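S.K.: My questions all concern the structure below.
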Amino acid sequence: MQNHFYALMSRMKNITRWGLMRNTRAENLSEHSLEVAQIAHALALINKKRFGGNADPNFVSVVALYHDTSEIITGDMPTPIKYYNDEIKGAYKQIEAAAEKQLVEMLPDDFKDEFYSIYNPDPLTAKLVKAADKFSALIKCTEELNMGNIEFEVAYKSTLNSINNLNLPEAKIFLEEFIPSFSLSLDEQRQMKK
């Protein structure tokens, strides 16, 4: 039987993020999801290797890959609107959950249990993916600011504040060890030594 789930997933590249902001370079949902998966994997490694935690880096990265797939159905809701107040935030969470359920129902029956766990991860995995999502936004803001786009100054400060407010030790380490390099040129990144 034909299944359209993965064809729909390929449409993530058609969903543009940061729609209310002037961008020097457009970012699509596929790019964002890959970046979030890479960062989430790193955060899970920090949890496991530095803190002796039980995060599963592979599962965390898969959850991150699919964390925004509901936007294939809903589109990307700009953050200032999505989080305007608790009522809108709650309503949007319900819409996201309904879209995720719709996506899972498109899968073959023998895939569904796996995807229910991806869309409903354990609290630690969810927290690491949320942090990775915020780091991806911080990186986008950094890149835009590096290009002289002051439109992203407030978003940078707000996103950095959100990361700090997570009170997540894994995020603190990622912020200190990995984020500074995003402000460097390619030549500077390549010349850096341990």
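The values are calculated or read from the model by the stated rules, or taken from the named source; none is laboratory data. What you see is a predicted model, and the numbers here were worked out from it, not measured in a lab. As a convention, Cβ positions derive from the backbone with ideal geometry for all residues, glycine included, and neighbour counts pool all protein chains shown.
S.K.: What residue, among those in segment 116-136 that are small (G, A, S) and surrounded by fewer than 20 Cβ atoms within 10 Å (Cβ to Cβ), is farthest from L34 (Cα to Cα)? Step through it out loud before you land on a result.
M.R.: Taking segment 116-136 first, the residues small (G, A, S) are 117, 126, 131-132, 136.
Keeping just the survivors that are surrounded by fewer than 20 Cβ atoms within 10 Å (Cβ to Cβ) gives 117, 126.
On the way: S117: 19, A126: 16 Å.
Top of the filtered list is S117.
S.K.: Is it true that some residue in segment 49-59 is touching a helix residue (DSSP H, G or I) at 6+ places or on another chain (Cβ under 6 Å), small (G, A, S), surrounded by 17 or more Cβ atoms within 10 Å (Cβ to Cβ) and modelled with pLDDT of 95 or more?
M.R.: Residues of segment 49-59 touching a helix residue (DSSP H, G or I) at 6+ places or on another chain (Cβ under 6 Å): 53, 55, 57.
Checking the rest, the ones that are also small (G, A, S) come to 53, 55.
From what is left, the residues that are surrounded by 17 or more Cβ atoms within 10 Å (Cβ to Cβ) are 55.
Right, trim to modelled with pLDDT of 95 or more and you get 55.
Yes, that holds for at least one residue.
S.K.: Another one. Looking only at segment 103-122, which residues are under 16 Å from the mean Cα position of the chain (by Cα) and in a helix (DSSP H, G or I)? So that I can check it myself, show each step before the final result.
M.R.: Our first condition is that a residue be under 16 Å from the mean Cα position of the chain (by Cα); within segment 103-122, this holds for 118-121.
Those that are under 16 Å from the mean Cα position of the chain (by Cα) and in a helix (DSSP H, G or I): I118, Y119.
S.K.: Just one of E170, E100 is at pLDDT below 95, crowded, with 17+ Cβ neighbours inside 10 Å and outside any loop (DSSP other than H, G, I, E, B); which is it? Steps first, answer last, please.
M.R.: On the way: E170 fails: at pLDDT below 95.
None of the other options fit; the residue is E100.
S.K.: Looking at G90, G75, can you tell me which residue is of a type in the set (G, A, S) and within 18 Å of M12 (Cα to Cα)? Before you say what the answer is, go through the steps one by one.
M.R.: Numbers: G90 fails: within 18 Å of M12 (Cα to Cα).
Being of a type in the set (G, A, S) and within 18 Å of M12 (Cα to Cα) holds for just one of G90, G75, which is G75.
S.K.: Of all residues in segment 140-167 being within 20 Å of Y83 (Cβ to Cβ) and hydrophobic (A, V, I, L, M, F, W, C), which is surrounded by the fewest Cβ atoms within 10 Å (Cβ to Cβ)?
M.R.: Once the filter is applied, the top-ranked residue is V154.
S.K.: Right, next: Only one of G75, G148 is at pLDDT below 95 and at positive phi; which?
M.R.: Values: G148 fails: at pLDDT below 95.
On inspection, the qualifying residue turns out to be G75.
S.K.: Determine whether E96 is acidic (D, E) and either under 24 Å from S61 (Cβ atoms) or touching a residue at least 40 places away in the same chain (Cβ under 8 Å) (or both).
M.R.: yes
S.K.: In segment 138-155, what residues are in contact (Cβ under 8 Å) with a residue 40 or more places away in the chain, part of a helix (DSSP H, G or I) and not basic (K, R)?
M.R.: L138, I139, T142, E143, E144, E151, F152, A155 - these are the residues of segment 138-155 that are in contact (Cβ under 8 Å) with a residue 40 or more places away in the chain, part of a helix (DSSP H, G or I) and not basic (K, R).
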